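*Asks:* Take this structure, written in structure tokens, and hold onto it; I'll ask about it next.
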Amino acid sequence: MAKKLITSLAAVGLLLTIPCGCKKPFSDREQDNNVFRFSGSGSPVTMDPAAASSTYENLVVTSIYDQFYEYKYLARPFELKPKLAAGMPDVSDDGLVYTFRIKKGIRYADDPCFPDGEGREVVVQDFIFSLKRIFDPKNLPQGEWVWRGKIKGLDEWKATGSDYSQEIEGLKAVDDYTLQITVNEPFPQLVYTLAMGYSSFVPREAVEHYGKEFSLNPVGSGPYALKSFTTRKAVLAKNENYREEYFDLEYEGYDPETQAWVGLEVLDGKRIPIMDNVEAHFMKESMTRWNSLNKGNEIHFGKIPTALTHMVASQLKPLKLKPDYAKKFKGMSLPDFGFVYMSFNMADPRIGHNQDPERDRRNRLLRMAIRKAFDWDQRNQRFYNDMGIIFPGIIPPRLDAHDPDLPESYVKADYTQAREYLEAGGWTAENLPILEYGVTATVLDIQMFEQFRGWLEKIGYPREKVVLKTYASFGDYNRAVKQKEVMLIPMGWNLDYPDSENVLQLFYGPNQSPGSNTSNYDNPEFNKLFKQTKTMQPSPERTELYQKMNRMILEDVPTISGMTRNNPYVWYHNVVYYHSDSPHGSLLKYAYMRPGSTGEGMN
Amino acid sequence: METFQYAVRKLIYSIPLLFGVTLIAFTLMVYFGPDLTYSLLGKNASPEQIAEVQRELGYDQPFVQRYLMFLKEVVTFDFGNSISTGEEVTSILARTVPISFAVALPAFIISNILGVGLALLAAYHRGGFWDKSVMIFAVVGMSVSYLMIVIAFQIIFCTTYGLNWFPVQGWIDPPPDYIDAGFFEIAYYYWYYYWLYVAVPTLTSIFVSLGYNTRFFRAVIVEELNRDYVRTAKAYGIGNGKVMIKHVLKNSLIPIVTRIIISLPFVIIAGNLVLEKFFGIPGVGLVTYDAITNGDLPVVKAVVTCTAILYVFALILTDIAYKIIDPRISYSK
């Protein structure tokens, strides 16, 4: 028995060690493989464009599907360009009718859902079908809000039962390549919305063929087709039917002054998509992601974990890597296309709007005191490696209506002034209301709460009156916010398109919870201005009004804002890639790995 | 025949148990599980849209109706489709359970065999150097955080900071399209990558579970060593090795086998969440974790049900094993 046991153990031990000594199967051929591997911090759940809402999902969806428009790869500020569209739209004089044309001869990727498995030509009727899917509740769509109330007859189509055979007045296929969209009132953001993943051209055959599993079997006309998908990774392979397109460095908005160090010149004239295969790895654990990236032969592009930033970088703004890492990687810090902020629930009369004008005045002073105690610099240092970009108001620096002249005092902590506001409002330790700070039950969120409570203690707010209210998941937290139950609401917002309307709508009265106006701010004057601007085309006049609305938010203090987070990314020297977060989607088609000149440690 | 009748009888008795488990699990999921509504809503939800999503998810149905639907799913073993991905739940299980099993099995076998071996060694040298050494090792294995061990092993074996022998994360991909190889080459491909990806998770898992196993097995064996028959056997001049293996180990097998078999359902279904998460293994543990956090009820229901069913089978298997170990055990009342 003992002998057998020892033999078994030895055999198992031997089996475990064999792979180290054996030759890697098929390794010679494998090294020729043309694969770009990257990892973000999240993972896509669905690849159905109607439901795909996260940045990770958008990146994959926009690589597989075509939309009318997309953003130029390198142009900053962001600039639209046609993707499937043949050009920019014709807009009627009254701004109500948009005519879009798409390129002819574009085909979907080959897939068993088509007769004989051959992808058919893309036509504008596919877009009409796709938009109907977004207004069909059966698909649990997430993109409906983008076009709700905007396109003539679309909401009525939904209200009458989402019958796909029924035509919609505002969506007219003039021919297979021309679409006319009629909007209820001028909608200047329409073109932006047609660059979002939600506006993908989806073939009806695929939806019918795959049924409920359509989200795992995407069929598009984009540069890549999905080869495989698991909870661990998505493998994308070049769509063999993809049209002939070549990279034009100048057209994409190349700026040699700021971008030459990336080595993007090598892309000029290359056919798109540049890589045959792309792998998106989903690693939620930051240390695993870093180990995998640092190893050399696994992922090629990723983020430096916050805890290791100082070990890897000698300077963060702008990012400068330490010599050992600089030998291996290129790196840059990349701001989010959005911001983080903390709102007050204005529907709560203890802190927000109050019927009693006197209490309303005092509440405003209380909010001002809390804002004055909120130390953005310290939050940035403690939690974001001091890399965040702090700005007053709600229009972040990368939007054209951002006002650089706003006084910094709106985002600078001043405890003396905060105490003065409390005094002016007649607030004392005894009559101050209990503040409930809502967060998901994560260590990071709770630490942020403790920091916040510390600031309030400094202005004389009794510790026991600043209360933590935790929720098990973001879904639970979101439910409480949507039901107006949370008093202090830390939030983040990712912009959907580069128009300040996308952030100003966060404070538009009719958008109150369960809408995106989580602060439930309702100012008739603001609402009036918002209604006025939302139908205006971009102009200096509109920018001025946007800035006026921004100042109103600063005066009324429904929120404490804000900061754009900044993430440090690194990639190997032989990789040529210029990352961008939302609203960019389809970036993977530009990724390139130089043959032969590998970074240190690469296979 | 007696064993078969006993197994059938146990299966019938287990129906109320399954019923109770599913009822408790379902109640917990409905009342305390995450509400998926607000995760599935777009950015600017309207009250109508909230109602639509709740209707589509079946949240507007009365509890009894929802539970009856759940029971129907259990009986037909058709749990529908995942709310998040749309994939059929049974196909998710079919895809991920074998992976979790393949990851957990080597560690399960090795840690149990090693555990018994070390326990025998420690018990035999009770109070001596070997006993103390093994116990120190066991206590260290039990005390250090699992997470720390995963991170440390990953750094030691998988990264450029350490030995860099194995991949940091991943799982076997299908062989590349260009491969035009025969059966043995393909088999070699899978075998090679299997061991490559499973080696470090296995070592980690062994390190963690060995402490618990060794301590438990040692306690059982020490208890057995105190019995009179051991003294008698030794008095008759039977060699120490023979006494340990043939008599002590054999007579300790019932609690040992119980522990091993009972842990099988968790190996098969529950997977090893931490390992799968850190090593990027697409097994059922990772899917279950995502399902719980996403509120994907169909997947959670399927995992809970399968675990309960397997647990019942494990209990029956344990009883059958008793009879094999000790034929004197009777199944009749």
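Each value in this text was obtained by applying a stated rule to the coordinates, not by laboratory testing. The shown structure was predicted, so the numbers you read here are calculated from the model rather than taken from an experiment. Counting neighbours? That spans all protein chains shown, and the Cβs are built from the backbone with ideal geometry, glycine included.
*Asks:* A:GLU450 label point, 7 Å along Cα→Cβ, cut-off 20 Å on backbone N: hits in segment A:359-394?
*Replies:* Under 20 Å, as judged by backbone N against the label point of A:GLU450, lie A:374-386 of segment A:359-394.
*Asks:* Working from Cα positions, state the angle (0 to 90°, nearest 10) between the long axis of helix B:89-124 and the longest principal axis of chain B.
*Replies:* 20 degrees
*Asks:* Could you state the number of Å between the C-alpha centres of segment B:111-173 and segment B:37-87?
*Replies:* So the separation of the two Cα centres works out to 44 Å.
*Asks:* Please enumerate, by chain and number, the aspartates and glutamates with C-alpha under 15 Å from the C-alpha of A:LYS295, excluding those fewer than 8 residues away in the same chain.
*Replies:* A:ASP324, A:GLU600
*Asks:* Let me ask you something else. Below 8 Å between Cα atoms, with a sequence gap of 6+, how large is the relative contact order for segment A:397-489 in percent?
*Replies:* 33 percent
*Asks:* What is the sum of charges, Lys and Arg at +1 and Asp and Glu at -1, for the other residues whose Cβ falls under 11 Å from the Cβ of B:ASN81?
*Replies:* -4
*Asks:* Moving on. Could you compute the FRET efficiency for A:ARG271 and A:ARG204, with r as their C-beta to C-beta distance and R0 at 30 Å, rounded to 0.05?
*Replies:* Approximately 0.50, to the nearest 0.05.
*Asks:* Among the lysines, which fall within straight-line cross-link reach of B:LYS72, defined as a Cα-Cα distance under 16 Å, with same-chain neighbours fewer than 8 residues apart omitted?
*Replies:* Those lysines meeting the cut-off are B:LYS301.
*Asks:* A further question follows. Need one value for A:571-584: mean number of C-beta atoms belonging to other chains within 10 Å of its residues' C-beta atoms.
*Replies:* Mean shielding by partner chains, rounded to a whole number: 0.
*Asks:* Set the Förster distance to 60 Å, then compute FRET efficiency between B:PHE32 and B:TYR236 from the Cβ-Cβ distance, nearest 0.05.
*Replies:* 0.50
*Asks:* In percent, what relative contact order does segment A:331-456 have, based on Cα pairs under 8 Å that are 6 or more apart in sequence?
*Replies:* 28 percent
*Asks:* While we're on this one: Using alpha carbon centroids, what distance separates segment A:480-541 and segment B:208-227, in Å?
*Replies:* Using only Cα atoms to place each centre, the spacing works out to 64 Å.
*Asks:* Right, next: Which aspartates and glutamates have a Cα lying under 13 Å from the Cα of A:LYS317, excluding residues fewer than 8 positions away in the same chain?
*Replies:* Within the straight-line cut-off, A:LYS317 pairs with A:ASP386.
*Asks:* Where does the charge balance sit around A:ILE389 when Lys and Arg score +1, Asp and Glu -1, over other residues with C-beta under 13 Å from its C-beta?
*Replies:* 0
*Asks:* Under 1.5 on a/c is rounded, so check that first for chain A, then, if it is not, pick prolate when a/b is larger than b/c and oblate when it is not; a ≥ b ≥ c are the square roots of the alpha carbon gyration tensor eigenvalues.
*Replies:* oblate
*Asks:* Among DSSP beta bridges whose residues both lie in chain A, state the antiparallel percentage, nearest 5.
*Replies:* Numbers: 56 of 71 bridges.
Looking only at bridges with both residues in chain A, the antiparallel portion is about 80 percent.
*Asks:* Could you tell me how many degrees, from 0 to 90 and to the nearest 10, lie between the Cα long axis of helix B:129-143 and the main elongation axis, the longest principal axis, of the Cα atoms of chain B?
*Replies:* Result, in degrees: 10.
*Asks:* With the Cα gyration tensor of segment A:44-220 giving a ≥ b ≥ c as the square roots of its eigenvalues, does the rule (a/c under 1.5 for rounded; else a/b larger than b/c for prolate; else oblate) give rounded, prolate or oblate?
*Replies:* It is rounded, given that a/c, with a ≥ b ≥ c, falls under 1.5.
*Asks:* Another question, then. Calculated FRET efficiency, A:LYS548 and A:ASP377, Cβ-Cβ r, R0 22 Å, to nearest 0.05?
*Replies:* Efficiency, from the Cβ-Cβ distance: 0.20.
*Asks:* Could you compute the net charge surrounding A:THR518? Neighbours are other residues with a C-beta less than 14 Å from the C-beta of A:THR518; K and R count +1, D and E count -1.
*Replies:* +1
*Asks:* For helix B:250-265, report the angle its Cα long axis makes with the longest principal axis of the Cα atoms of chain B; keep it between 0 and 90° and round to the nearest 10°.
*Replies:* 10 degrees
*Asks:* Ok, one more. Which of rounded, prolate or oblate describes segment A:201-249 when judged by the alpha-carbon gyration tensor and an a/c cut-off of 1.5? Display every interim value, and only then the final one.
*Replies:* Numbers: a/c = 3.12, a/b = 1.46, b/c = 2.13.
Since a/c reaches 1.5 but b/c is at least a/b, the shape of segment A:201-249 is classed as oblate.
*Asks:* Taking beta carbons within 10 Å but only from partner chains, what does the mean come to for residues B:161-171?
*Replies:* For this peptide, the per-residue mean of nearby foreign Cβ atoms is 5.
*Asks:* Now for a separate question. Where in segment B:15-30 is the amide nitrogen less than 14 Å from a point lying 7 Å along the Cα-to-Cβ axis of B:MET69?
*Replies:* Residues passing the 14 Å test: B:30.
*Asks:* Can I ask one more? Mean separation of Cα pairs under 8 Å and 6+ residues apart, divided by the residue count of chain A: what relative contact order is that in percent?
*Replies:* Relative CO of chain A lands at 18 percent.
*Asks:* Another question about this same structure. Cα centroids of segment B:294-325 and segment A:153-182: how far apart, whole angstrom?
*Replies:* 51 Å
*Asks:* Please count, across segment A:338-564, the pairs of lysine residues with Cα atoms under 28 Å apart that sit 8 or more places apart or on different chains.
*Replies:* 27
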